[in-house]
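Student: Below: one structure in structure tokens.
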Amino acid sequence: MTTRGVQRTRVVRPIECTQPPASVRREVLAARPEVENPASPPVLLVPGFGYGAWAYAEHWLDHIAERGFAAHAMSLRGHGRSDAAPDADLRAYVHDVIQIAAGLPRQAVLVGHGAGALVVAMALSRYPARAGVLVSPVFGGFGTALSLLRRNPVGAFPGLFGGTVRLGPRQLFSRALSTASAREYADRLAGPSRRAQRALVRRQEPERPVGDPPVLVLGSPDDRMVARTALEQVAERYGIAPLLFPGMGHDLVLDARWREPADAICDWLLKLP
Amino acid sequence: MTNDNATAPVAAIWRGGEPVYDRGETVCVIGAGASGLAAVKNLREQGFAVDCYERETAVGGAWNARSGRGPAPASTHLITSRPCAQFPDFPMPDDWPDFPRHTQMLAYLERYADHFGLREHIWFGTDVVRVEPAGPEPSGVRPAGEPSSRWDVSISGQRGGSSRIMRYAAVVVANGHAFLPNRPSYEGLAGYRGQTIHASEYQGRSQLRGKRVLVVGAGNTGCDIAVDAGQVVTTCWHSSRRGYWYAPKYVLGRPVDQLAIRVQTMRLPQRLRRALTQRALRLAVGDLTRFGLRAPDHHFAESHPIVNSQLIYQIGHGGVVPVPDIARFGRTDVTLADGRVIEPDLVIFATGYVPTFEFLEPDILKTGGGARPRLRWHLAAPDRPTLAVVGLLQPDTAPLACAHWQSVLFANWLRVLDTAPERAREFWDRHAGADERRYHFAKVSDSPRHRFEVSHLVYLRALEQALNDLEAVK
Ligand SMILES: Cc1cc2nc3c(=O)[nH]c(=O)nc-3n(C[C@H](O)[C@H](O)[C@H](O)COP(=O)(O)OP(=O)(O)OC[C@H]3O[C@@H](n4cnc5c(N)ncnc54)[C@H](O)[C@@H]3O)c2cc1C
Ligand SMILES: NC(=O)c1ccc[n+]([C@@H]2O[C@H](COP(=O)([O-])OP(=O)(O)OC[C@H]3O[C@@H](n4cnc5c(N)ncnc54)[C@H](OP(=O)(O)O)[C@@H]3O)[C@@H](O)[C@H]2O)c1
């Protein structure tokens, strides 16, 4: 695998022993297929910063279950109905994902959206997932900050100083989604911890995944948060090209044509070696 | 590298009049305790087909209390804290306590086996009785596939099924080292009329009630049993032949192994780190001689750490009476080294275990005359690169992490041996120096008990280097 970034295998991680992230209660919503196929891996859906499990519960959760996979949507700490965590850092979010994944009966497919895709990418380097799916991945960095600022200076400016970034509906969704829905979703967003938000000012370089899982990267060339080049850069880390959904916004999970990316993921999962 | 023949072995080879079923490139793993499970998972992850043989009918090894052979009695709680005790890529639930019970450890290992689909590769109730080189004179690094680097493994069903010989490309021995009791001998022991058992036969407190008990040995087992006894019997003598450091489970409100790792990763000279640790322990535990124990005869970390918060407490309550070594046994009494005579009803020898490799000729791991094997990285037989022993270690903490990375290294090594034998040979020769290393920052005594003692930090750093070195030659 031609992953960029840290190539060395890291064996010694004393911090994982000496400073384990605090235990919290985490929200997990589940949808089961009518007939469980033992060969189908469970799917764990990780929302982006600001979202909770609710975002997947709108459409994807049931749809993926209908396509034959046991689907689980979680809320990172400080999000949705998980316990509050005002000081959470990226490591704590990664811990949350792996805790839920390791609690599933079999090796899980990790799906992450937005900055949740970054959390998933980091989780992939600590837990040998069945597969990884990165949807409109936000890996942070100057480019992300700049495009946020250009499109929504008022909402994004505080982020530079560790404040809460506010995303407008039109940054997230295409025009195909009704203004009412777009507004409703955008209003439900609640900021992640400032520490985690601040981590996105720098570009994050997740370590190489363990166990060499198949990885899929999806996005839209018309995403107003993740530039196409940024999307391609992420895909390139895994030696693949992104799967594109032109005309959709950043939020492939809630946008009007949500079914297309969800089906693409399921089709891909059905073909896993 | 999965071999299609593997699923339907055909015997075309014969050995001593018996058919040999060639399993092609399949790797054999002996034992489905924590180490064996890690080996199966990591070999599978590298694409190898695996046949694992487990004598018992369940996974878990030392933690499988149902087998009745495990060394961990019902009252055992881990001495390593949860984040240090788990596999690095499969955490325990973080709402478990700092020091989980032995039943939780078993549940965890069962979950690991299910999560990664390992059971389908394990043959339960099957004993490995012999492991022999397939070829006449195997030595040095050979490309995989040459007959001499392969192994003939004889297996036999526990319920008396006939035995069979299978041929494998490589073997991982993960048979655990806490099964064969180390039974000390004493003058007069044969004529002693009281009951004597080894700690491995100790199941729980009910065995002790109403008895005067003598516990021999102050490893973690001896201390755990003495504490059990201190709570239910009127008299428990606890005999140890030297002074030790008794670390409590918590220091400054943190699990002691976590604190130790903090100190060991400080950028300070080793002497200063040691002074810091010993000072913290003195503050937490105080002067042991006040309790009738001997002062430690070594620096901290120079012998296997004892972690027990309750022993000192039990001594303070009078439930446990520390006594010196045993001089000799009489018909009904025991004379101690200081001349005292005591009359126990039950003597429990918590004197540790001896590793055995009854299925291997002694020359293979150099275990002739009862010697303990010396392996490269405590892992691989120096002149048999397709044979590894996983889990033959006594780390200060994190034994599962050590077994995990051992099996990752070995799986990677087999891969390189297969794809780039030339470079594999170079790598192997370059690391010959690893054979004599002790992997500890302290001067651990070279007694048999400490043959496998490592600092997990020093050891894992060495494995990290070897792994990355191996990646570079891939
Ligand atoms: C009393 C005690 C307490 C411990 N406490 C802790 C602790 O607190 N924290 C911690 O992390 N570790 C602790 N350990 C260390 C423990 O050894 C490891 O956690 C781990 O369980 C070791 O696993 P293993 O697979 O190497 O060996 P084992 O668990 O011993 O497994 C070996 C397996 O191989 C099988 N086997 C052996 N020979 C054959 C054969 N010829 N054919 C087929 N099968 C065979 C056995 O049946 C067994 O299932 C403790 C150990 C003991 C003895
Ligand atoms: N709660 C837990 O998690 C737990 C519980 C028990 C064990 N364990 C682990 O299991 C492993 C085995 O522990 P263990 O306590 O069974 O064995 P051990 O660590 O080998 O300790 C054996 C003890 O017996 C003494 N001894 C040995 N031979 C003797 C002899 N001939 N005469 C007198 N004394 C003798 C040793 O003294 P010397 O020091 O003088 O050799 C030592 O005190 C260790 O890794 C341990 O950490 C963990």
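The values are calculated or read from the model by the stated rules, or taken from the named source; none is laboratory data. Fair warning: this is a prediction, and the values are worked out from it, not measured in the lab. Cβ atoms come from the backbone with ideal geometry, glycine included; neighbour counts cover every protein chain shown. For the accessible areas, the whole protein counts, side chains as well, though only heavy atoms, and no ligand, DNA or RNA atoms are used. Shrake-Rupley method; radii C 1.70, N 1.55, O 1.52, S 1.80 Å.
Student: Please pick out the residue among B:Gln270, B:Gln203 that is under 24 Å from B:Thr80 (Cα atoms), within 27 Å of the chain's Cα centre (by Cα) and not assigned by TED's automatic domain parsing to the domain that holds B:His298. Working first, answer last.
Tutor: Working: B:Gln203 fails: not assigned by TED's automatic domain parsing to the domain that holds B:His298.
Unique residue meeting the criteria: B:Gln270.
Student: Can you name every residue in the stretch B:71-100 that is near ligand 1 (Cβ under 10 Å from one of its atoms) and either in a loop (DSSP other than H, G, I, E, B) or away from every other protein chain (no Cβ under 14 Å) (or both)?
Tutor: Within the stretch B:71-100, B:Pro71, B:Ala72, B:Pro73, B:Thr76, B:His77, B:Leu78, B:Ile79, B:Thr80, B:Ser81, B:Gln86, B:Phe99, B:Pro100 meet the criteria.
Student: List, please: which pairs have Cβ atoms under 8 Å, are six or more places apart or on different chains, and start with a residue in the stretch B:451-464 that is more than 7 Å from every other protein chain (Cβ to nearest Cβ) and among the β-branched types (Val, Ile, Thr) and end with one that is open to solvent by less than 10 Å² (accessible area, probe 1.4 Å) and assigned to a helix (DSSP H, G or I)?
Tutor: B:Val454/B:Cys402
Student: Does B:Thr103 satisfy the condition of being assigned to a loop (DSSP other than H, G, I, E, B) and of a type outside the set (A, V, I, L, M)?
Tutor: Details: assigned to a loop (DSSP other than H, G, I, E, B): no; of a type outside the set (A, V, I, L, M): yes.
Taking the combined requirement at face value, the residue does not satisfy it.
Student: To continue, here is another question. Could you say which residue among B:Arg374, B:Arg384 is under 24 Å from B:Ala32 (Cβ atoms) and open to solvent by 20 Å² or more (accessible area, probe 1.4 Å)? Spell out how you get there, then give the answer.
Tutor: Values: B:Arg374 fails: under 24 Å from B:Ala32 (Cβ atoms).
B:Arg384 is the lone residue from the list that is under 24 Å from B:Ala32 (Cβ atoms) and open to solvent by 20 Å² or more (accessible area, probe 1.4 Å).
Student: Here are some conditions: (1) open to solvent by 30 Å² or more (accessible area, probe 1.4 Å); (2) closer than 15 Å to A:His79 by Cβ; (3) within 14 Å of chain B (Cβ to nearest Cβ); (4) touching a helix residue (DSSP H, G or I) at 6+ places or on another chain (Cβ under 8 Å). A:Val24 meets all but one. Which one does it not meet?
Tutor: For A:Val24, the exception is condition (1).
Student: Regarding A:Leu45, is this residue more than 14 Å from every other protein chain (Cβ to nearest Cβ), touching a residue at least 40 places away in the same chain (Cβ under 8 Å), closer than 30 Å to A:Leu189 by Cβ and open to solvent by 30 Å² or more (accessible area, probe 1.4 Å)? Walk me through it before giving the result.
Tutor: Values: more than 14 Å from every other protein chain (Cβ to nearest Cβ): yes; touching a residue at least 40 places away in the same chain (Cβ under 8 Å): yes; closer than 30 Å to A:Leu189 by Cβ: yes; open to solvent by 30 Å² or more (accessible area, probe 1.4 Å): no.
No; evaluated as a whole, the condition is false for this residue.
Student: Scanning for something more than 16 Å from ligand 2 (Cβ to nearest atom) and modelled with pLDDT of 95 or more, does the stretch B:71-84 turn up at least one residue? I'd like the intermediate steps shown before the answer.
Tutor: Initially, the stretch B:71-84 is screened for residues more than 16 Å from ligand 2 (Cβ to nearest atom), giving none.
Taking every residue of the stretch B:71-84 in turn, none turns out to be more than 16 Å from ligand 2 (Cβ to nearest atom) and modelled with pLDDT of 95 or more.
Student: In the list B:Gln278, B:Gln270, which residue meets the criterion of being farther than 15 Å from B:Ala226 by Cα, open to solvent by less than 30 Å² (accessible area, probe 1.4 Å) and either touching a helix residue (DSSP H, G or I) at 6+ places or on another chain (Cβ under 8 Å) or away from ligand 1 (no atom under 16 Å from the Cβ) (or both)?
Tutor: Numbers: B:Gln270 fails: open to solvent by less than 30 Å² (accessible area, probe 1.4 Å).
The conditions single out B:Gln278.
Student: Hey, another quick one. Would you tally the residues in the stretch A:17-38 being of a type in the set (D, E, K, R) and in contact (Cβ under 8 Å) with a residue 60 or more places away in the chain? Lay out the reasoning, then the answer.
Tutor: Residues of the stretch A:17-38 of a type in the set (D, E, K, R): A:25-27, A:32, A:34, A:36.
Still in the list and also in contact (Cβ under 8 Å) with a residue 60 or more places away in the chain: A:26.
Going through the stretch A:17-38 one residue at a time, the tally reaches 1.
Student: Please specify each residue of the stretch B:85-125 satisfying the condition of being touching a residue at least 24 places away in the same chain (Cβ under 8 Å), over 20 Å from the mean Cα position of the chain (by Cα) and either within 16 Å of ligand 2 (Cβ to nearest atom) or not assigned by TED's automatic domain parsing to the domain that holds B:Gly70 (or both).
Tutor: Of everything in the stretch B:85-125, just one residue is touching a residue at least 24 places away in the same chain (Cβ under 8 Å), over 20 Å from the mean Cα position of the chain (by Cα) and either within 16 Å of ligand 2 (Cβ to nearest atom) or not assigned by TED's automatic domain parsing to the domain that holds B:Gly70 (or both), namely B:Asp98.
Student: For the condition more than 14 Å from chain A (Cβ to nearest Cβ) and over 29 Å from B:Asp297 (Cα atoms), what is the one hit in B:Val444, B:Val390, B:Val473, B:Val408? Write out each step before concluding.
Tutor: Working: B:Val444 fails: over 29 Å from B:Asp297 (Cα atoms); B:Val473 fails: more than 14 Å from chain A (Cβ to nearest Cβ); B:Val408 fails: more than 14 Å from chain A (Cβ to nearest Cβ).
So the residue among B:Val444, B:Val390, B:Val473, B:Val408 that is more than 14 Å from chain A (Cβ to nearest Cβ) and over 29 Å from B:Asp297 (Cα atoms) is B:Val390.
Student: Checking the condition more than 10 Å from every other protein chain (Cβ to nearest Cβ), within 22 Å of B:Asn175 (Cα to Cα) and in contact with a strand residue (DSSP E or B) (Cβ under 8 Å, 6 or more places away or on another chain), which residue from B:Trp413, B:Trp428 passes?
Tutor: On the way: B:Trp428 fails: within 22 Å of B:Asn175 (Cα to Cα).
That would be B:Trp413, the only listed residue that is more than 10 Å from every other protein chain (Cβ to nearest Cβ), within 22 Å of B:Asn175 (Cα to Cα) and in contact with a strand residue (DSSP E or B) (Cβ under 8 Å, 6 or more places away or on another chain).
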